[in-house]
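Values quoted throughout were computed directly from the atomic coordinates according to the rules given, and no laboratory measurement underlies them. Predicted, not measured: the structure shown is a model, and the values here were computed from it. Heads up, the Cβs are rebuilt from the backbone with ideal geometry, glycines too, and the neighbour counts pull from every protein chain shown.
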Ligand code: XMP
């Protein structure tokens, strides 16, 4: 693609100009955005880049190991695997408000990066995979005031105390353009095609209080759901699919016994840029089969619902 090739060269030139001889640390999450950011920076400045992968304990099943292996082995990047699960989950204990969760996680991210940045001599820049939709801070409803829906849309810059400057080479791009750029840079299709995953991770798919028990159940249910979607060849038709574990337990029956376990909601949407979305029209057969698998295979869940809300009026995530 000629346009993306030109964009890539221009982006590389700009990064070199901005960064010079300085060292950069990159907030690698394993999502498409940060993966493409890391690949682009690696191309532009090579060894001057160190990636920090923060495991906040809110990742999906096997995700941390897969991401770290992929970037170290496949791409030859220098990656620090920061094991900070206890820190994040500790601070989130007893917190149920969505915006408070985001603020805690966002603040800890900065603290953690500061900690690792301090260990890398001469690190001057922090790279972030901010996209154009993230830059649009607030959504303006016609006739009404400007309203901020979720705080991640605010990217007002990092606190000065961090002492790091920002590199955001994807600031002008939408998601599909980021994928095209990733392809240009030689990232494997399996990574480019990954559904978006939010920075606060499973925290916002666990409405209400987060516990390790709920997170474990959620991880298993989500893995079964995604497996079902892949097996039916639907993954690439869907913008984003995930399970949310609901803060309610319901009564069920299994064998001769009564169960009293969590209910979950399956979510799948189509979208172009995440700003609006439609729920995905699975067949009833698919939904029934998936519910049966989740309830049989995941201890702790005895009821599945399918979320048929579009955006607007819903949002894609539950929080
Ligand atoms: P919503 O739920 O606002 O999500 O319809 C739109 C897109 O943004 C992702 N999302 C987030 N990403 N931090 C992020 O990095 C967040 O706090 C956050 N909240 C939502 C969501 O997964 C979807 O792709």
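How far is helix 212-231 tilted, in degrees, relative to the longest principal axis of the Cα atoms in the chain, given as a value from 0 to 90 rounded to the nearest 10? Relative to the chain, helix 212-231 is tipped by roughly 90 degrees. Relative to the dominant Cα principal axis of the chain, helix 175-184 is inclined by about 60°. When you restrict to C-alpha pairs under 8 Å that are six or more residues apart and normalise by the size of the range 171-310, the relative contact order lands at 22 percent. Put a dot 7 Å past the Cα of residue 309, heading toward its Cβ, do the same for residue 284, and the two dots end up 2.5 nm apart.
One equal scatterer on each Cα of the range 2-192, no solvent, Debye formula: the resulting log10 I(q)/I(0) at q = 0.09, 0.15 Å⁻¹ is -0.34, -0.96. With each run of n ≥ 4 DSSP H residues scored as -39500 (n - 2.57), what mean residue ellipticity at 222 nm is computed for the chain after dividing by its residue count and rounding to the nearest 500 deg cm²/dmol? Calculated mean residue ellipticity at 222 nm is -12000 deg cm²/dmol.
Compute the relative contact order of the chain as a whole-number percentage, counting only Cα pairs closer than 8 Å that sit 6 or more residues apart in sequence. Could you put the intermediate results ahead of the total?
Details: 521 pairs, mean separation 53.5, N = 319.
Value for the chain: 17 percent.
Here the spin labels are modelled as points 7 Å beyond Cα on the Cα-Cβ line, and at residue 95 and residue 62 they lie 3.0 nm apart.
Enter the per residue convex hull volume of the range 1-76, computed from alpha-carbon coordinates, in Å³ rounded to the nearest integer. All intermediate terms of the calculation are to be shown ahead of the outcome.
On the way: hull volume 7.3 nm³, N = 76.
Convex hull of Cα atoms, per residue: 96 Å³.
Centre-to-centre separation between the Cα atoms of the range 210-241 and those of the range 7-86: 25 Å. Stokes-Einstein diffusion of the chain at 4 °C, 1.567 mPa s viscosity, Kirkwood radius from Cα pairs, rounded to a whole number: 62 µm²/s.
Per residue, what volume in Å³ does the Cα convex hull of the range 206-306 take up?
104 Å³
Just want to confirm a number: the relative contact order over the range 1-132, from Cα pairs under 8 angstrom separated by 6+ residues, in percent. The partial results should precede the final answer.
Working: 149 pairs, mean separation 42.1, N = 132.
Value for the range 1-132: 32 percent.
Between residue 190 and residue 273, what FRET efficiency follows from the Cβ-Cβ distance if R0 is 30 Å, with the result rounded to 0.05? Write down the numbers at each step before the final one.
Numbers: r = 22 Å, r/R0 = 0.73.
Given R0 = 30 Å and the Cβ-Cβ separation, E is 0.85.
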